[in-house]
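The values are calculated or read from the model by the stated rules, or taken from the named source; none is laboratory data. It should be emphasised that the depicted structure is a prediction, and the values quoted were computed from it without experimental measurement. Note: accessible area is taken over every heavy atom of the protein model, side chains too, but ligands, DNA and RNA are not part of it. Shrake-Rupley method; radii C 1.70, N 1.55, O 1.52, S 1.80 Å.
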Amino acid sequence: MDASNRREQHRKSARRIFRWSLALAVGLHVIVFLTVPGLRTSVVAAFRDQTGDPDLPSALPLDLFFGPPAIENASGELLLEPPERILHTDRLVSLPATCRAIIKGSGTVMRGSVSLTVGPERFTDVHGIVESTGFPCGDGTLERVAGDLWYRWLPNDEFPAPVQLIQPMVFQEKTGL
């Protein structure tokens with residue numbers, strides 16, 4: 001038997017062992033999760049402890065609209081991006097119970113804007129509210145969501161890092177799930 005045949009047999013054997021091992025691991029995990037009810041409870045308790053709220057779920061589905069940002073150029077003037085530079089998305093946002101109570105079922109549309117810095121990694125640092133929603137809860141939600149933004153088109157040659165910008169946002173509870 002030549003070396004290439006032995007290598008091929010070894011690869012086939014290794015693949016077979018890998019497939020059986022993976023199937024066994026998945027099966028054991030499924031069995032453990034289905035038969036150990038305390039495990040599910042501890043995961044829920046850990047989530048409850050993390051959010052600090054006994055009401056689960058703490059996340060509320062929001063309909064989010066990010067308008068064209070105003071970006072500060074090198075000379076310090078704010079340039080408004082074109083109207084097509086928008087993002088509309090739905091997202092589950094973890095909110096304190098008091099805030100959820102204000103937003104949930106109200107149909108209120110909240111508008112505001114936040115001041116951000118986009119670093120070289122394209123993640124944001126929130127510097128505060130520029131235009132308030134009129135509700136501390138709404139402003140906190142704007143800051144929470146804006147802190148998770150990632151700009152795939154900033155920084156660029158025209159706007160090198162760190163990029164200062166004002167991001168307008170609109171949100172309301174997502175209905176009709």
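Annotations for the structure displayed:
- Only protein heavy atoms count here; on that basis, with a 1.4 Å probe, Val109 has an accessible area of about 70 Å².
- Accessible area in the full protein assembly, largest first, 1.4 Å probe, for Phe123, Phe66: Phe123, Phe66
- Accessible surface of Leu28 - all protein chains present, 1.4 Å probe, nearest 10 Å²: 90
- Only helices enter this figure: runs of n ≥ 4 DSSP H residues, each worth -39500 (n - 2.57), summed and divided by the residues of the chain, yield -12500 deg cm²/dmol at 222 nm to the nearest 500.
- Cα shape, the chain, gyration tensor, a/c 1.5 rule: oblate
- Contact order for the chain, expressed relative to its length and based on alpha carbon pairs under 8 Å spaced 6+ residues apart, stands at 24 percent.
- The stretch between Thr35 and Leu92, if pulled fully straight at 0.36 nm per residue, gains 17.6 nm over its current Cα-Cα span.
- Taking only protein heavy atoms and a 1.4 Å probe, the accessible area of the range 123-177 is 52% carbon and sulfur.
- Built amide H within the under 5 Å cut-off of Ser94, gap 5+: Leu60
- Amide hydrogen proximity for Leu64: with H placed 1.01 Å from N in the peptide plane, the residues at 5 or more positions away or on another chain lying under 5 Å are Thr89, Asp90, Arg91.
- Amide hydrogen neighbours beyond the local backbone of Thr124, cut-off 5 Å, H modeled: Leu149
- Among Ile86, Ile166, Ile129, the largest mean-square fluctuation in a Gaussian network model of the chain, built with springs joining Cα atoms closer than 10 Å, belongs to Ile86.
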